[in-house]
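The values are calculated or read from the model by the stated rules, or taken from the named source; none is laboratory data. What you are looking at is a predicted structure, and each value in this text was computed from that prediction instead of being measured. All Cβ positions, glycine included, derive from the backbone under ideal geometry; neighbour counts span all protein chains shown.
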Amino acid sequence: MRLIFWGTSRFAIPGLIKIYNSTHKIETVVTQPDRRSGRGLKYRYNPVKEEANRLGLKIEQPEDILCESSTEGQAKLSDKRTFALLRSIEADIFVVISYGKILSRDILAIPKLYSINLHGSLLPKYRGAAPINWAVINGEDRTGVTVLKMIEKVDAGDILSSREVDIGINDTAGNLEDALSHAGAELLLNTINMIDRGEVVFTPQNESKVSYAPKLKKSDGLINWKMSAYQIHDRVRGMVPWPGAFTYIEEDGIKKLLKVWQTSIVLDSEGTSGFETGAITKVSKDGIMVQTGDGKLLLEELQVEGGRRIPARQFVIGHRIDTGTILGEE
């Protein structure tokens, strides 16, 4: 089949490669425009553009794609050109993975068959922008990937296929994303093959089981030490690699932001008596132990503002950390 691939983030790359190496033909890759980043604010390619260039694929980077009926004042000429190009290709399907923008009804109607999306959860759970993060934050022990037919309502179309993936107790959103992207690539190609053979089955989502995974904000990373050790451990894992879980620590009378990148649950009861939530109960070569609302948490990898990520055993060498110090808000 002839298709147009839509994607921007690294989550989309395994699917792009899998389709490229198949019997199906990627006519064009549509990805978001280059953005300025870094200290020099230089334009940088996103991961999908880099991979598409490596594969020698044609690339389109519209700033925005509006409806066909958009007036000249609503859309740039370049975006109108992209719309016309997409129609001229006469692709059988559109394949969308982590593109980062909502496609209009006019866009979804262009392919001969329909548009499909690979989503990083077992729909109808965790519709939205950050399904992988919220599955980890909420302490799920399994999640998965789903291929669905796209409709105007985001993540609400019929399910074509899905596959479960286990979540380990120490998995982060980052390494879980890698696992899901590869599982999703396999599932996606199998689904495209079924579409090509006319064997795909459309299964409506159960609206009574819908849950949502909104886009993360930096403030979501603030640790509430009144939560249990398990809840905080899950939040730390779910915030890796972005935005990062954080708390505040006082040094020489100054409150400093302290990012927490890795933790583990402490199962013994040593050093808990007489400490309030958020208090450091013990400092050792293994890390910094903190009292939570229920149980203790061992901080194993830290980063104070202006510093770099280091193991907690190194952190305590360069910083004065006293038992009883309270970690908390700014």
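Brief remarks on what is shown
- Test: residue in the range 30-50 that is among the small types (Gly, Ala, Ser) and at pLDDT 95 or above: no
- Selection status of LEU222, loosely packed, with under 14 Cβ neighbours inside 10 Å and over 17 Å from ILE321 (Cβ atoms): no
- Filtering the range 4-39 to residues that are in contact with a Phe, Trp or Tyr (Cβ under 9 Å, 6 or more places away or on another chain) and of a type in the set (Phe, Trp, Tyr) leaves PHE5, TRP6, TYR20.
- Restricting the search to strands (runs of 3 or more DSSP E) fully inside the range 239-330 and requiring at least 3 residues that are buried (at least 16 other Cβ atoms within 10 Å of the Cβ) and without any contact (Cβ under 8 Å) to a residue 40 or more places away in the chain gives 254-266, 287-291, 296-304.
Yes or no, residue by residue, for (1) free of Cβ contacts under 8 Å to residues at least 12 places away in the same chain; (2) touching a Lys or Arg at 6+ places or on another chain (Cβ under 9 Å):
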site	(1), (2)
ILE132	no, no
GLY144	no, yes
LEU148	no, no
ALA156	no, yes
THR172	no, yes
ASP178	yes, yes
SER181	no, yes
TYR230	no, no
HIS233	no, no
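- Scanning the range 158-186 for residues being of a type in the set (A, V, I, L, M, F, W, C) and more than 25 Å from TRP242 (Cβ to Cβ) gives a total of 2.
- In this structure, GLY139 does not qualify as over 12 Å from the mean Cα position of the chain (by Cα) and closer than 24 Å to ILE110 by Cβ.
- When ILE137 is tested against (1) of a type in the set (A, V, I, L, M, F, W, C); (2) buried (at least 24 other Cβ atoms within 10 Å of the Cβ); (3) touching a Gly at 6+ places or on another chain (Cβ under 7 Å), just one condition goes unmet, and that condition is (2).
- Index of the failed condition, PHE202 passing every other in (1) within 23 Å of the chain's Cα centre (by Cα); (2) closer than 18 Å to LEU123 by Cβ; (3) not polar (S, T, N, Q): (1)
- Taken together, SER162, SER181 contain a single residue that is at pLDDT 95 or above, of a type in the set (Gly, Ala, Ser) and either in a loop (DSSP other than H, G, I, E, B) or more than 15 Å from the chain's Cα centre (by Cα) (or both), which is SER162.
- Qualifying residue in the range 201-211 (condition: assigned to a loop (DSSP other than H, G, I, E, B) and at pLDDT below 95): no
- Meets criteria (touching a Gly at 6+ places or on another chain (Cβ under 7 Å) and either assigned by TED's automatic domain parsing to the domain that holds HIS24 or closer than 21 Å to ARG142 by Cβ (or both)) for ALA185: yes
- For the range 13-23, a tally of residues being touching a residue at least 40 places away in the same chain (Cβ under 8 Å) and either closer than 15 Å to ALA179 by Cβ or of a type outside the set (Gly, Ala, Ser) (or both) returns 7.
- Which listed residue is exposed (fewer than 11 other Cβ atoms within 10 Å of the Cβ) and either in contact (Cβ under 8 Å) with a residue 40 or more places away in the chain or touching a Cys at 6+ places or on another chain (Cβ under 8 Å) (or both), from PRO204, PRO214: PRO204
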